[in-house]
Each structure stands twice: as structure tokens, then as C-alpha cells.
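Undergrad: Have a look at this one before I ask anything.
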Amino acid sequence: MWTIFKIVNLWWLLTSTYAWPMLVLPLMPLLVLANAGMLISMSFLPIRFNIDAKSGWVLLAILGLTLWSMWLDGWSAGFMTAMQYFPVLYLMQLPYEYLKDLLKFTTKWYAILLIPALILYWLLLFTTLPSVGTFNHSDYPPYTNYIFYIKTTENRGLFERFNAFFLEPGHQALVDTFLMVANRFNFKKCKWLYVLALGVIFSFSLAGYLLSAIGFILLKVNSLMKFLAVAASITAISAGAYLWSGGDNALNDLIISRLERDESDGIKGNNRFFNNTDYEYDKSLGTKYFWIGVKTKANMALIGGAGYKIYILYYGMIGTILAFLLYLSLIPSRPDYRYTISFFILIALCFLQRSYPFWYSWLFTFVAGIYIAKDEKDRESTTGTESNQKYIAQR
């Protein structure tokens, strides 16, 4: 039954991040199926369910988000919100060995699914291949479907960006980045992370690049020399991309040039909102609608893009605060402070440009990462204490 739980966990991570095969089915039944699959498989495991104060706070945070969604959109929205966040309660019940095995399984099999997607992507850069038809989504141009890879028919300019089986390159890069963070960028212990790193590189996602770089610096750079080495490497790559062929290359066009100063967006790559979105957001500032959302006030069909403004317009600042309170409630007592704070910073940065705190790819990697880090810190502390006691006894 543990294998079933691991499969459901991976399946729901992909589904919640809009992997194309699951988008042909309604979301609500899939939510119920994911929760039922996890609960039923967990009931057969030799695990003692412990509803402690920490679980109580998390449950209270989920209840707050559920009631807020219900108030905004009705019973159906409230039920969906509860189903989206309930899996974190199951993850919190898993002992260290189970949670570590779950992260290992998820990382491995996600990378295995990514390998044929990358191969198809590289081949299609130079040749044509037979497809299984097209995949259509109401919010995007049609995709040519190669099962493991869906290639957009939209002309994205100089170089095709890798999105694997997801709708957007940014979705794929986000999953890759958060899984690498959950594994602490430990490429020596987990060779599958190299596949994920390739996914980020060929996504040409500015957010993916920045989150990966910031995450690596926060977690792995422990000295000034290491920081200078990382900074020098990034500078050299950026300069090379800018100078190579007069800047006429994919890295400069899709990443470096988007970091230039822009009068309206701050940087060029920050153009994540439709004009009407900016208008409605600016109009809501200083009013009650900034706090409760503008769903009853504005034509939501005209509001589009990605990022914090969309989330605030939909759920209001109250809904935004409730979402962050949930993530804070997930933090265990006596955590690995550096790791936990670093991951929370990455969650906050990601929210600014792609606000999907209910995605299981966020929730799973955050919970798995911080709880594994806490347990490993506790084990190191215990080992150190025992060694000191043995040394004292020998003396």
C-alpha cells in the first residue's frame, strides 16, 4: 500500500501543476480521488496517526482558507479548497523514513518521465516527428501532442522553450526547482537532479533561473569565496550570452534582455499582467476590495496574467494572508532554521510571479523538505551528543 501512496502522490503533484493528460477530466473528482487514495493507502500502513497541536494549527489554517473561499464563491469552491490543502495533513503524519523515501521516489520517477520529454524536445529542434494529434486548452494555442511532450503551435520567437508535459515552460521549471530545493541541491546523493537541472536550463524561464540561483545560494553557499565563485560564473555566462553573435541568441533574448530596466514593470521580464489587471489592481488599492477581492465588482474574464496581483484580485489580501499563514503553520518546532527560512523565501518570491500556493507541487516539496531537514538536524544533534558522552566516559 505504500507503493500506491507514492504513486498517488506523484500523480497528484503532476495533476495539480496542470500536466496535460489530467486536464481532459474535471478537477473536482480528481481531488476527491487523490485524497481518498492517500487516506485509504495510509490506513494500511504501520503508522500511528498523531493529531497534535501542530496538526491542529494546520487544520485551523485550512479551515480559514476553506471558509474564505466559501464566502467568496460558494460551497463548491470551499470544498475544493479543503481538498487541495488536506494532503499536507497526511504528509505530516509520515515518519522520517517514509517521507524521505517518498521524496526520493517522486524525484526519481518525475525525472524518468522528463527524460523522454527532453529527448523529444531536442529532436524536434532539428527534425519533424509523428505526433498523436493535438491537445487543446481554452487558455492556450493548440499543442502538437507527443505524449511526453506537448509542443506549442504558437511562435515563441528565436528558440523553442521546453515545457515537457505541462502547459507552460514556467510550470515545468517550477516543479524542477522546488524538487531540487527539497533535495537540497544534493547532486551527489541524487543523480536524478541533473535531469531536473536540464529541465530548468532548457525552459528558458526567467523565474526558474532566478529561483534556482537564489535557492542554490541560500542553501549551498557557506563562505564568501563560494559566493564570489557563483557570482563570477553567473556574470561570465551573462556576459557571454550578451556578446555572443551580438546578443542574437536564445539565452540573451529570453533571459538576459528581460532583466533590463523597464519604466512600467521595473524589469522587462516582469510583464506578467494584462493591462486591465493592472487597472483593476490599482483601482482596488485603498478600498475594501483590496482586502476582499473584486470578483463581485469587476469583469474577471478581462483579468489575466500570472502573479500576486491576480491572486489578490481573486481572493483579496485577506485570502493572501491566510495562504501564507497556512505555510507558516506547517513549519515544525525546532526546524532547521536556515533551510526552512530559505525555502519560505523562495515560496514568497515564487508567489510574486506565479501565485499558486494551492498547487501540490508547492505543498509537497515544502513539507517534505522542511520536515526531512528537521529530522536530519535532530539526528545529527543526537549523534553529536552521544559522541560527546562517550568521549567524557572514556576520560
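Undergrad: Show Thr134, Thr66 ordered by accessible area, largest first, where the area counts protein heavy atoms only and the probe is 1.4 Å.
TA: Thr134, Thr66
Undergrad: In Å, what Kirkwood hydrodynamic radius results for region 89-164 from the alpha-carbon pair distances?
TA: 14.8 Å
Undergrad: Scan region 71-138 for chymotrypsin sites (Phe, Trp or Tyr not before Pro) in coil per DSSP, keeping those whose Cβ has at most 14 other Cβ atoms within 10 Å, and list them by number.
TA: Of the chymotrypsin sites (Phe, Trp or Tyr not before Pro), the ones in loops of region 71-138 whose Cβ has at most 14 other Cβ atoms within 10 Å are Phe126.
Undergrad: When the Karplus curve 6.51 cos²θ - 1.76 cosθ + 1.60 is applied with θ = phi - 60°, which whole-Hz ³J(HN,Hα) does each residue of region 60-67 get, with x for Gly and Pro?
TA: 5, 5, 5, 4, x, 5, 5, 5
Undergrad: Only sites in a loop by DSSP and with at most 12 other Cβ atoms within 10 Å count here; which trypsin sites (Lys or Arg not before Pro) in region 45-126 make the cut?
TA: Arg48
Undergrad: Something else about it: Quick one: net charge of Ser212's neighbours, Cβ under 15 Å, K/R +1, D/E -1?
TA: Surrounding charge for Ser212 is +2.
Undergrad: Let me know the Rg and Dmax you get for region 1-122 when you use only its Cα atoms, in Å.
TA: Final numbers for Rg and Dmax: 16.1, 50 Å.
Undergrad: When the solvent-accessible surface of protein heavy atoms is calculated with a 1.4 angstrom probe, in what order do Lys288, Lys189, Lys220 fall, highest first?
TA: My answer, sorted largest first, is Lys189, Lys288, Lys220.
Undergrad: Answer with one residue from Ile119, Phe165, Val88: the one whose Cα lies farthest towards the positive end of the charge dipole of region 60-165, charges on Cβ with Lys, Arg +1 and Asp, Glu -1.
TA: Selected residue: Ile119.
Undergrad: Through the Karplus equation 6.51 cos²θ - 1.76 cosθ + 1.60, θ set to phi - 60°, convert the phi angles of region 281-286 into ³J(HN,Hα) values in whole Hz; use x for Gly and Pro.
TA: Once rounded to whole Hz, the list reads 5, 4, 5, 7, 4, x.
Undergrad: Just need log10 I(q)/I(0) for region 1-42 at q = 0.18, 0.22 Å⁻¹, Debye formula, equal scatterers on the alpha-carbon atoms, no solvent, rounded to two decimals.
TA: Log-scaled intensity ratios, in q order: -0.46, -0.67.
Undergrad: Please report the carbon-and-sulfur percent of the accessible area for region 123-212; probe 1.4 Å, protein heavy atoms only, DNA, RNA and ligands left out.
TA: Percent of accessible area from carbon and sulfur atoms in region 123-212: 60.
Undergrad: Quick one: ranking Arg161, Arg354 by accessible area, 1.4 Å probe, largest first, what do you get?
TA: Arg161, Arg354
Undergrad: On the full set of protein chains, 1.4 Å probe, figure out the accessible area of Met1 and give it in Å² to the nearest 10.
TA: Result for Met1: roughly 90 Å² accessible.
The values are calculated or read from the model by the stated rules, or taken from the named source; none is laboratory data. Keep in mind that what you see is a predicted model, and the values were worked out from it rather than measured. All Cβ positions, even for glycine, are placed from backbone atoms using ideal geometry, and neighbour counts span all protein chains on display. Quick note on the areas: whole protein, heavy atoms, side chains included, nothing else; ligands and nucleic acids left out. Shrake-Rupley method; radii C 1.70, N 1.55, O 1.52, S 1.80 Å.
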